[in-house]
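We did not get these values from a lab; they are worked out from the coordinates using the rules stated. As the structure is a computational prediction, the values presented were derived from the model and not from experiment.
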Amino acid sequence: MLDGGYELDIEGVLENVDEAEVVSIYFPMLRRTLLMDTRSDKLVRPYIGIVPMVRNSTERFESLKRLRPRLPRPDSITLIPWIRRVGALEEAGVWERVLARLEGEGGAAELERACDCLAELYTLEQQELGNAIRGRQYETIWRNPEPGSAPA
C-alpha cells in the first residue's frame, strides 16, 4: 500500500502487532508514539499509552525502563513509523489487531485505555492540522500579495 510515495507493509505491521512484546507505533507529524507493552507480572498489567517520540531504539529501551522499572528488558520490540492519518490505523485493520492483542494479554481496563489513546491521537492530529492551516509552527512556501499590489 502506498501513501505519499512511501510503501507501507500492512501485513508486516499486523504480524508485529500480533507477536512483539513491545509495539511502538510512532507518528512523526505528531511527535508522539502509541506504545503498547504486553509484558506483565503479578503486580504490573500490560500497558498502552501515548508517549513522546524518541530518536532511536536505545532511547525507547531507556524510556521503557523508566516507565516500567519492575519488568526486565523486553525480548522483542518493534518500531513502526506511521506516516498516514490516524484514521488509517482503523481502516487498515491495525487498530482491531491492537485491541485483540490487548484483550488477550490484559482486560477491560487496557481496552478502555486503548480507546482513550485513539481519541487522544485524533485530537492531536486535528490540532496539528489546525496549526498547519493557521501557519503556527510552520513556514509557508509562498506569501499573500501585499494589498494593492498586482498578482505575479
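Numbers below:
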quantity: The chain, relative contact order [Cα under 8 Å, separation at least 6], %; calculated: 25
quantity: Degrees separating the helix 108-134 axis from the principal Cα axis of the chain, which is the longest one; calculated: 10
quantity: Unit Cα scatterers, Debye sum, the chain: log10 I(q)/I(0) for q = 0.12, 0.15, 0.19 Å⁻¹; calculated: -0.56, -0.81, -1.23
quantity: Estimated [θ] at 222 nm from DSSP helical runs (n ≥ 4, -39500 (n - 2.57)) normalised by residues in the chain, nearest 500; calculated: -13500 deg cm²/dmol
